[in-house]
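One structure is given here, and the rest of the page talks about it.
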Amino acid sequence: MAWFRRKAPAPTVPTEPTPEIHPSPALGLVFAELENAERLSILDLGPAMGENLDYFSQRFPCRLQVADLYRSLHGEDPVGQFRRLIDLQEPPDLVLAWDLPSYLPRETTRSLFRHLAEQSAAGTRVFTMIASHAQMPLEPGSFVLRGEADLEYRYPSTKTRPTQRLPPAELANLAPQYRVDRSFLLRHGFQEYVLVQGG
């Protein structure tokens, strides 16, 4: 009698989610408005992405500062850490806050906007994305600029967690130094905002 041994299944190897490219109408409009600026100062609060550095160097005459905020915050003194991480030599024209407000505690978000306002000037724009579906990725993503108005979303894993709801009125309350200039609700689970400092 022949005996057959069933082969053990191959171990499952965790994989990173496939990056997705989505339109970013808010960034498209911001870039169009800044098109003719002689020189820009841009603050990126996400991880340094070589593709974004290349994009900005080719697209605008600009000074770019990167502060990977979420991965750099430790302990219970976010205000002191903001002062260490975000110490600008000149007011930024544009702040890329990406999806940070969806992941930071409310009071930390309030402190962040307060510190940004102290470092900025009237007219500074802040671009941010707020999760709008019931679930959001477990950790903040990194975002790569693709063309004039597209973003490639990259997340470290496929794991999710319940979304920390942040409706427009609450966002405005956390950032009283800014007004919502425009907002776009996107189908894939985010609402984009452009906030403008002052008035």
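The values are calculated or read from the model by the stated rules, or taken from the named source; none is laboratory data. Model, not experiment: these values are computed from the prediction. Note that we place each Cβ from the backbone using ideal geometry, even for glycine, and neighbour counts take in every protein chain shown. Only protein heavy atoms, including side chains, enter the accessible area calculation; ligands, DNA and RNA are left aside. Shrake-Rupley method; radii C 1.70, N 1.55, O 1.52, S 1.80 Å.
Some observations on this one:
- Between ASP68 and GLU107, the contour length at 0.36 nm per residue exceeds the alpha carbon distance by 12.1 nm.
- Pair LEU88, HIS188: separation of 7 Å Cα→Cβ label points (nm): 2.8
- Using heavy atoms of the protein chains and a probe of 1.4 Å, the accessible area assigned to PHE31 is about 0 Å².
- Virtual paramagnetic centre 7 Å along Cα→Cβ of LEU40, amide N under 12 Å, in segment 101-135: 125-127
- Each stretch of four or more DSSP H residues adds -39500 (n - 2.57); spread over every residue of the chain, this sum gives -7500 deg cm²/dmol at 222 nm.
- Antiparallel DSSP beta bridges within the chain, percent to nearest 5: 70
- Probe 1.4 Å, accessible area per residue of the chain, Å²: 54
- Of the solvent-accessible surface of the chain, computed with a 1.4 Å probe and all protein chains present, 53% belongs to carbon and sulfur.
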